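Report on the following structure.
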Amino acid sequence: MSAAFPNIPKIQYEGPRSKNPLAFKHYDASAVIEGKTLRDHLRFSVVYWHTMCGQGADMFGWGTAVRPWEAGLSGLDLAKARVPVFFEICEKLGAPYYAFHDRDVAPHGKDLKQSNQWLDTITKLLKAQQKKTGVKLLWGTAQLFAHPRYAHGAATSCDANAFAFGAAQVKKALEVTHELGGEGYTFWGGREGYSTLWNTNMKRELEHLAKFLHMAVAYKKEIGFKGQFYIEPKPKEPTKHQYDADAAACLNFLREYDLMDHLKLNLETNHATLAGHSMHHELEVAGAAGALGSIDANTGDLMLGWDTDQFPTDIYLTTQCMLSILKYGGLKTGGVNFDAKVRRESFEPVDLFHAHIGGMDAFARGLKIAAAIRADGRLDAFVKNRYRTWDSGLGKDIEKGKVGFAQLEAHVLEHGDPKLESGRQEFLENLINEFI
Ligand code: XUL
Ligand code: CO
């Protein structure tokens with residue numbers, strides 16, 4: 001094991017009374033809930049781009065992060081030095097998975113050939129570390145947004161040559177993800193959107209995006225990659241309007257272009273709130289469509305209107321996430337992937353541990369609370385009862401398609417107004433608070 005964190009031991013579960021900041025208070029990986037260990041429910045994943053590459057820079061200032069293992073290194077040497085440190089973090093946290101972009105693990109080369117060679121070099125190191133630590137790849141992805149060639153987007157670029165470059169990059173990223181035994185592959189729009197409609201042919205761009213994804217589906221088959229494809233909704237940033245704006249927009253796009261069988265959604269909290277939704281809403285939209293795949297676990301700051309990618313610590317949020325996830329049968333190929341970064345002011349290496357421990361504990365609590373709410377049964381019973389007029393008689397006939405407008409009119413003429421009941425929002429909020 002590398003010595004990047006000689007003073008940080010493997011993080012242990014010490015229970016809710018522990019005052020040790022480097023211990024889990026709630027995440028007991030081997031404890032069992034609803035017949036499954038917490039480890040298998042939550043499938044925690046650490047991201048390479050924030051945890052390893054994040055420097056704490058923002059638009060007003062350069063990086064603040066103190067990362068002793070990076071001293072004096074750059075380019076491929078820096079990329080090599082980061083690999084064992086990253087796996088040390090995952091292993092000490094007991095996180096079973098990780099996720100990366102091609103260009104976080106290896107640098108941009110002078111051309112595609114060199115970039116691919118460097119990626120191959122790093123892939124070997126990643127593979128060796130996976131073997132050594134047992135940490136597995138949740139999903140891979142390609143970074144199609146940082147380089148100037150993607151100024152107009154990649155799959156939705158006005159320039160077919162940029163589209164081609166993006167495709168070549170995804171081809172390689174798929175190969176590498178396959179090589180590393182990745183359980184999935186994520187498409188996030190990057191710059192797939194527009195900044196002004198004056199210069200944009202939206203219909204053409206959407207068709208190109210669909211073409212791009214169909215090519216990826218074909219290539220996946222060609223190389224025998226069995227992992228799950230995900231699309232990650234985000235409404236804005238960096239473009240004014242991203243095409244994969246929210247769960248509903250993604251589902252509509254997938255249906256329109258015959259891609260529903262091939263992609264599920266990877267939902268991210270901060271993206272949901274930027275879209276004017278709660279994460280709970282997005283999870284329910286995806287779940288109802290049978291397309292809930294994975295989550296990028298983070299949170300925004302509601303006082304700030306951008307993607308702050310903070311670690312999730314709000315127990316209401318994690319409870320809502322876990323209620324929806326349990327309701328739709330749990331995460332299968334997906335995981336709770338911390339697409340989150342420490343604050344610019346939290347520049348010491350140990351902050352990376354505090355951040356992940358907090359997120360893991362918050363999700364463990366959310367899971368326990370969600371399971372307790374389900375075991376109690378009052379919430380489910382309330383919702384079931386609320387819809388009881390659909391379980392028999394008229395409601396059942398409507399659901400079964402047995403009646404039309406004429407019969408419904410006859411029903412109203414005979415029975416008059418419905419006798420509605422309260423939605424009991426406050427009662428239910430109090431009920432949830434019994435468990436938090
Ligand atoms: C950007 C974002 C990405 C994706 C992967 O907001 O969430 O990091 O998760 O490209
Ligand atoms: Co994300």
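The values are calculated or read from the model by the stated rules, or taken from the named source; none is laboratory data. Note that this is a predicted model, so its numbers are computed, not measured. No Cβ is skipped: glycine too gets one built from the backbone with ideal geometry, and neighbour counts run over all protein chains shown. Only protein heavy atoms, including side chains, enter the accessible area calculation; ligands, DNA and RNA are left aside. Shrake-Rupley method; radii C 1.70, N 1.55, O 1.52, S 1.80 Å.
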To the nearest 20 Debye, how big is the dipole of segment 308-386 about its Cα centre, given +1 on the beta carbon of each Lys and Arg and -1 on that of each Asp and Glu? 540
Can you tell me which of 267-273, 393-399 comes out highest on packing, and rank the rest after it, using the mean Cβ neighbours within 10 Å? 267-273, 393-399
Give me the distance between the Cα centres of segment 89-150 and segment 18-68, rounded to whole Å. 18
Under a straight-distance cross-link criterion of Cα-Cα below 16 Å, which aspartates and glutamates are reachable from K80, leaving out those fewer than 8 residues away in the same chain? E70, E88, D102, D104, D120
Just to check I understand the Karplus step: with θ = phi - 60° and J = 6.51 cos²θ - 1.76 cosθ + 1.60, what whole-Hz values come out for segment 214-231, glycine and proline as x? 5, 5, 5, 4, 5, 6, 4, 5, 4, 8, x, 7, 9, x, 7, 8, 10, 10
Kirkwood radius from Cα pairs of segment 12-376 plugged into Stokes-Einstein at 20 °C, 1.002 mPa s, gives D in µm²/s equal to 103
Once phi for every residue in segment 145-160 is put through the Karplus expression 6.51 cos²θ - 1.76 cosθ + 1.60 (θ = phi - 60°), the whole-Hz ³J(HN,Hα) values, with Gly and Pro written as x, are 9, 7, 5, x, 5, 9, 4, 9, x, 10, 5, 10, 5, 6, 10, 4
What FRET efficiency do you get for A3 and D58 if R0 is 25 Å and r is their Cβ-Cβ distance, rounded to the nearest 0.05? 0.25
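What does the accessible area per residue of segment 389-435 come to in Å², with a 1.4 Å probe and no ligands, DNA or RNA counted?
Value returned for segment 389-435: 87 Å² of accessible area per residue.
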Among G61, G401, G366: highest mean-square fluctuation, GNM of the chain, C-alpha pairs under 10 Å: G401
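Do you know the relative contact order of the chain, to the nearest whole percent, from alpha carbon pairs under 8 angstrom that are 6+ apart? Numbers along the way, then the final one.
On the way: 698 pairs, mean separation 68.3, N = 436.
That works out to 16 percent.
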Of the residues V342, V403, V285, which exhibits the maximal mean-square fluctuation in a Gaussian network model of the chain defined by a 10 Å Cα contact cut-off? V403
Trypsin sites (Lys or Arg not before Pro) within segment 56-145, DSSP loop, no more than 10 other Cβ atoms inside 10 Å: K110
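Placing unit charges on C-beta atoms (Lys and Arg positive, Asp and Glu negative, everything else neutral), compute the dipole magnitude of the chain about its Cα centre in debye, rounded to 20. Please list the in-between numbers first.
Details: 51 positive and 53 negative charges, 239 e Å.
Rounded to the nearest 20 debye, it is 1140 debye.
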Which one, R365, R386, R191, has the greatest fluctuation when you compute a Gaussian network model over the chain with C-alpha springs under 10 angstrom? R386
For a 32 Å ceiling on Cα separation, which of these pairs sit above it: K327/K419; K25/K171; K332/K384; K234/K368; K10/K368; K36/K402? K25/K171; K36/K402
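Give the accessible surface of segment 12-376 per residue, rounded to a whole number of Å², with probe radius 1.4 Å and ligands, DNA and RNA excluded. Kindly include the intermediate steps, with their values, before the conclusion.
On the way: 15380 Å² over 365 residues.
Spelled out: the 1.4 Å probe surface of segment 12-376, per residue, equals 42 Å².
Using a 1.4 Å probe over the heavy atoms of the protein chains, calculate the carbon and sulfur portion of the accessible area of segment 389-435 as a whole percent. Don't skip to the answer; put the middle values down first.
Details: 2180 of 4070 Å².
Taking all protein chains in place, segment 389-435 shows 54 percent carbon and sulfur surface.
Counting other Cβ atoms within 10 Å, which GluC sites (Glu not before Pro) in segment 15-92 have at most 12 and lie in a DSSP loop?
On the way: sites: E34, E70, E88, E91; in loops: E34.
For GluC sites (Glu not before Pro) across segment 15-92 that sit outside H, G, I, E and B with at most 12 neighbouring Cβ atoms in 10 Å, the list reads E34.
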Hey, how many Å between the Cα centroid of segment 241-292 and the Cα centroid of segment 375-436? 27
